[in-house]
Amino acid sequence: WVIMTFVIRGWYQIFFNVIVHEGKTKLFMYITGAGGVINLILNYFFIDMNGIIGAAQATLVAYFIIFILTFYYANKYSELKWNRF
């Protein structure tokens, strides 16, 4: 669970730089805040169900949501050319 969380965090870092380059850094305050709140809520339920493994699972889900939001906004603000060959 922890390894996959760091893999998703690495994907996030790729698109993080795109948004920083566009000057939309205030957006990260909202994305990170939402991810933190989601992580707290999921930890409450997942730890009750799965113990310490549940904490890792909740963190994985929260980081995945942060990654999806970052990916969405990176594409929105910078129109990345995925199929340009």
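Mind listing just one residue for me: the one in the stretch 22-33 that is assigned to a helix (DSSP H, G or I) and open to solvent by 40 Å² or more (accessible area, probe 1.4 Å) and, of those, modelled with the highest pLDDT?
Only one residue tops the list, namely Y30.
Based on what the data block shows, is I19 open to solvent by less than 40 Å² (accessible area, probe 1.4 Å) and either in contact with a Gly (Cβ under 8 Å, 6 or more places away or on another chain) or not in a helix (DSSP H, G or I) (or both)?
In short, no.
List every residue pair whose Cβ atoms lie under 8 Å apart, where the two residues are 6 or more positions apart in sequence or sit on different chains, the first residue falls within the stretch 8-32 and is without any contact (Cβ under 8 Å) to a residue 12 or more places away in the chain, and the second residue, located anywhere, is assigned to a helix (DSSP H, G or I) and open to solvent by less than 60 Å² (accessible area, probe 1.4 Å).
T25/I19
Looking at the stretch 38-59, is at least one residue under 14 Å from the mean Cα position of the chain (by Cα) and open to solvent by 60 Å² or more (accessible area, probe 1.4 Å)?
No, the stretch 38-59 contains no residue that is under 14 Å from the mean Cα position of the chain (by Cα) and open to solvent by 60 Å² or more (accessible area, probe 1.4 Å).
The values are calculated or read from the model by the stated rules, or taken from the named source; none is laboratory data. Not measured: the values here are computed from a predicted model. All Cβ positions, glycine included, derive from the backbone under ideal geometry; neighbour counts span all protein chains shown. Areas reflect the complete protein model, heavy atoms only, side chains present, ligands, DNA and RNA absent. Shrake-Rupley method; radii C 1.70, N 1.55, O 1.52, S 1.80 Å.
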